[in-house]
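Values quoted throughout were computed directly from the atomic coordinates according to the rules given, and no laboratory measurement underlies them. This structure is a prediction, so every number in the text was calculated from the model and none was measured. Here the Cβ positions follow ideal geometry from the backbone for every residue, glycine too, while neighbour counts run over all protein chains shown.
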Amino acid sequence: MKATFGGGCFWCTEVIFQNTNGVNSVFPGYMGGKTSNPTYKEVCNGDTDHVEVVQLDFDESKVSFADLLKVFFKTHDPTTLNRQGNDVGTQYRSVVFYHDVDQKEVTAKFIEGLKEADAFEDPIVTAVEPAVTFWEAEDYHHDYFNQNPGNPFCAAVIAPKLQKFLKSYQG
C-alpha cells in the first residue's frame, strides 16, 4: 500500500519513516505541482508548485495508515503554513496526499480528532489532497541522512529530530 506525505524537507521525513515498523520503502520526491519532471532546484525556487514529499510503501498487516498519520503529525508542525522550521515556501507545506477514499476519510477523521483534543495550540493547516503524479527526487536525495551524517543540516536538525522520534516511538 502507498502513502504520501509532505511535511517539510524530505530529508527529515524520509529518515523518520525509514525507522517506522511496517514501512517497506521510502522515496523522496515531488507531488502536486504544475510541471513534469521537476528538478530539486526548480522546486526549491518555488517555480513549480510541487511539494517535497515522501512516498511510502507499507505493509498494512504491520502498520495501519492511521498509525502512519500519528507518526506524520508527531514529527512535523502541522500548524505552520508553507513552513517547517527555517524552510519556508509552498514546497514545504504540510499535506497528506491520499491514494484512495479510505485514506481520505481516515485522514479527515484523524485531523478532526486532533482538533477536538486541542492537540495543537494553533489551528492545523495540513491540506488533504488526492495523490497525483509522483516525481521521484534525484538520486543524491535518496537515503540522504544516512549517506551524509556529517552534513551540518543533518547533524543540527535531522539527528535530534530522529533521536526524539526513536525515544518516543512505540512501533
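A few comments on the model shown:
- Summed residue charge, Cβ within 12 Å of C12's Cβ, Lys/Arg positive, Asp/Glu negative: -2
- Per residue, the convex hull spanned by the Cα atoms of the range 57-117 amounts to 107 cubic angstrom.
- Per-selection metrics, the range 14-78 (Cα): Rg and Dmax in Å: 13.6, 39
- Cross-link partners for K74 among the lysines, with Cα-Cα distance under 25 Å and sequence neighbours closer than 8 places in the same chain left out: K2, K62, K104, K109, K115, K161, K164, K167.
- For the range 1-102, the list of trypsin sites (Lys or Arg not before Pro) that fall in a loop by DSSP and count at most 16 other C-beta atoms within 10 angstrom reads K34, K62.
- Label-zone membership for the range 1-37, site D139, 7 angstrom Cα→C-beta point, backbone N under 16 Å: 28
- Gain in span if fully extended, S36 to A155, counting 0.36 nm per residue against the direct Cα distance: 39.6 nm
- Using the alpha-carbon positions of the range 79-171, Rg (one decimal) and Dmax (whole number) come out as 15.9, 41 Å.
- Separation of the range 116-160 and the range 54-94, taken as the distance between their Cα centroids, equals 7 angstrom.
- Placing a label point 7 Å from the Cα of Q170 along the Cα-to-Cβ direction, the residues of the range 13-44 with a backbone N closer than 16 Å are 21.
- Dipole magnitude for the chain: about 380 debye, using +1 per Lys or Arg Cβ and -1 per Asp or Glu Cβ, origin at the Cα centre.
- Amide H to amide H distances under 5 Å link A127 with S94, V95, V96, where only residues 5 or more positions off or on other chains count and H is placed in the peptide plane.
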